[in-house]
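Participant: The structure's right below; bear with me while I get my questions together.
Taken together, the values in this text are just the output of simple stated rules run on the coordinates, not laboratory data. What you see is a predicted model, and the numbers here were worked out from it, not measured in a lab. Backbone-built Cβ (ideal geometry, glycine too); neighbour counts: all protein chains shown.
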Amino acid sequence: MTLRKTLLRGLLPVSAVLLAVVAASLLLGAGDVGPARAAAVLLGGADGDADARFTVLELRLPRTAVAVAVGAALGVAGAVLQATARNPLAEPGLLGVSAGASFAVVLAIVLGASATTVGPYAAVLGAAAGCLLALGAARLRGAGDDPVRLVLAGAAFSGMVGAASSVLLLVNQRASDEIRFWTVGSVVGRGTDDLMAVLPVLLLGLAAAAAVSPALSSLALGDDVATGLGHRPRRVRAVAVTSVALLVGGATAVAGPVAFVGLVVPFAARALVGPDLRRLLGVSVLLGPAVVLLADVVSRLVVRPYEMPLGVMTALFGAPVLVAVVRSSRLPSL
Amino acid sequence: MNAVTPATATAPAPVAAPEFGLGAGAGAEDAGGAHRLRTEALTLAHGRTPVVRELDVELPPRRVTAIVGPNGCGKSTLLGGLARLLEPRGGSVLLDGRALSSVSTREVARVIGLLPQSATAPDGLTVRDLVRYGRRPHQGLLRQWSRADAEAVEAALDAADLHELADRPLETLSGGQRQRAWIAMAVAQDTDILMLDEPTSALDIGHQLEVLEMVRSLAARGRTVVLVLHDLTTACRYADHMLAMLDGRVVAQGAPAQIMTSALVRTLYGVESTILTDPVHGTPVVCPTGLAASPGPAADGANGTDSGGS
């Protein structure tokens, strides 16, 4: 596929969708400020409407920015993790990477740390641990042949870590309100400060993913072929896992565990531009935000005037995709 | 088939296809400038078990070398060692006199191209996409895709006769076409030395010939090619130089017509055989006749005759 085809089939339509969803995110909400008032604020004609200005500029705009950052991180992390595990089901949420990250944050909070400052680093460490455990389990005898086994190992690990988080929730009543946020992903009430705290982590993760993508895509031809082409498979995997840990850790620190995005986004991107990892990453970095934002917008509208947590929404979207992928006569080999 | 005559086992078959022959120092002078690869007391191991033991071999430049031998004799392991997939347990692999392990893997990738058996491709990868991977060693952060890369890819597609199939996904091709695409990737890498691990296994004879003719034409254009092959007759037909391995050691090396004897076949495989001469190309043809009574180099009396099996 040529660069032009990649643009036409992947980047342009996905960019258009992303722009549309960003607009929807700014215009639509669970509260009283409707599309007309919100549009007036955006077009600069609502100086007297302080209520609408606050809602759009102080609530929806930061929330949209957070969702875009989280979506980009999770979409790219999913594509990188799938390429690293050579498994189309390898998704940070399903493999327990997100669960590891959120458990680490919960632990840090219980131990008295502040979620905003320490959270990102704890989350990155937790994500790295989850990543290594999942990939380690995948390397056990026989598991490499069956993509579904990796997901089973991840589910077991997620369950274990989730139980540990619940124990902490019971033991430490004081922190439980803060902790509850980390058990289901959400971008509600997340502001610019939270985003700024994780932005360096996310950018570093994106840079690492971009830098490692040519070598990582060679690993799809087999370790020996990749070595023959002048790559060092172990080092490449180490960088890839680091990038996943940074991206998922950063995303989880700001939005809690959001599952299925890393599954759905690379899956759709592959259908658009084919298996080449660099093109996949280019599309995923735009499609991820579109998917997360769409889920967030829908989560505001389905149970108005209340909101459904984002993590619940992505699971509602994503679980059917997982079932479809597993049930398809033959899993695509990566 | 009446032109086929049994060759005597003790005297080497006198006929060698002239265009393939390493004969009488022909290779020595015109090899100037080519990269040279040899091993010195090379020992390779999987885990604790040594698989290749203290081997001294040299690849004749700009020739096709075939490594043959029974299953588990260390053929593929030797190839892996030559291609730096395995660290030497002892001794060394020398590329132009430098230890291969001391050269950066990227630099090696510009001299040695490799097609291992473990090659796999993701679904949907097209032939051209695959061949483009071969240009990776020539690219970097500062040196992106260039005209030279594009030309090398087109030349490799030409060499493999894959132009019409260039935009097809690999999984839609026949086994022989797919194998040619993989070799084209290694060809696009544009290395002096090319290593292919059993490139013809699981192919029917038509597809085998496609691949091996391609190998010959690469050598004709000045590449040094090393192949692991299972079939002795094919190896004799297409290689200039043969390394026959048993238990991690080279038991015979040289031009096929000189080393291929029924004694060697018995040593390697425990099989009695008659060595004939290919009526068209003059290369040795190995006709197995039955299992040897006891494997190993036994009495030479039965050479070239039908031992009747058992």
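Participant: When a/c is below 1.5 the answer is rounded, else prolate if a/b is larger than b/c, else oblate, so apply that to segment A:274-332 with a ≥ b ≥ c taken from the square roots of the Cα gyration tensor eigenvalues.
Facilitator: Oblate shape, in that a/c is at least 1.5 and b/c is the bigger or equal ratio.
Participant: Hey, got the dipole for segment B:37-291? About the Cα centre, +1 on K and R Cβ, -1 on D and E Cβ, debye to the nearest 20?
Facilitator: So the magnitude is around 640 debye.
Participant: With the Cα gyration tensor of chain A giving a ≥ b ≥ c as the square roots of its eigenvalues, does the rule (a/c under 1.5 for rounded; else a/b larger than b/c for prolate; else oblate) give rounded, prolate or oblate?
Facilitator: oblate
Participant: Assigning unit charges at the beta carbon (Lys, Arg +1; Asp, Glu -1) and nothing else, what dipole magnitude in debye, to the nearest 20, does the protein assembly as shown show about its Cα centre?
Facilitator: 1200 debye
Participant: Separation of segment B:92-142 and segment A:1-62 by C-alpha centroid, Å?
Facilitator: 47 Å
Participant: Looking at B:M214, B:C287, B:T120, which one has the Cα that reaches farthest to the positive end of the dipole of segment B:37-291 (charges on Cβ: Lys, Arg +1; Asp, Glu -1)?
Facilitator: The residue sitting most towards the positive pole is B:T120.
Participant: Cα gyration tensor of segment B:37-291, axes a ≥ b ≥ c as square roots of the eigenvalues: rounded (a/c below 1.5), prolate (a/b > b/c) or oblate?
Facilitator: The shape class here is oblate.
Participant: Give me the dipole magnitude in Debye, nearest 20, for chain A about the Cα centre, with unit charges on the beta carbon: positive for Lys and Arg, negative for Asp and Glu.
Facilitator: For this selection, approximately 1060 debye.
Participant: Kindly state, to the nearest 0.05, the FRET efficiency for A:A271 paired with B:R36, given R0 = 60 Å and r defined as their beta-carbon distance.
Facilitator: E between A:A271 and B:R36, to the nearest 0.05, is 0.80.
Participant: Another question, if that's okay. How far is it, in nm, from the label point at A:L316 to the one at B:L209 when both lie 7 Å from their Cα along the line to the Cβ?
Facilitator: Here the answer is 6.5 nm between the modelled labels.
Participant: Another question, if that's okay. Applying the Karplus parametrisation 6.51 cos²θ - 1.76 cosθ + 1.60 with θ = phi - 60° to the phi angles of segment A:201-206, what ³J(HN,Hα) value in whole Hz is obtained for each residue in order, glycine and proline being reported as x?
Facilitator: Rounded to whole hertz, the list is 4, 5, 5, 4, x, 5.
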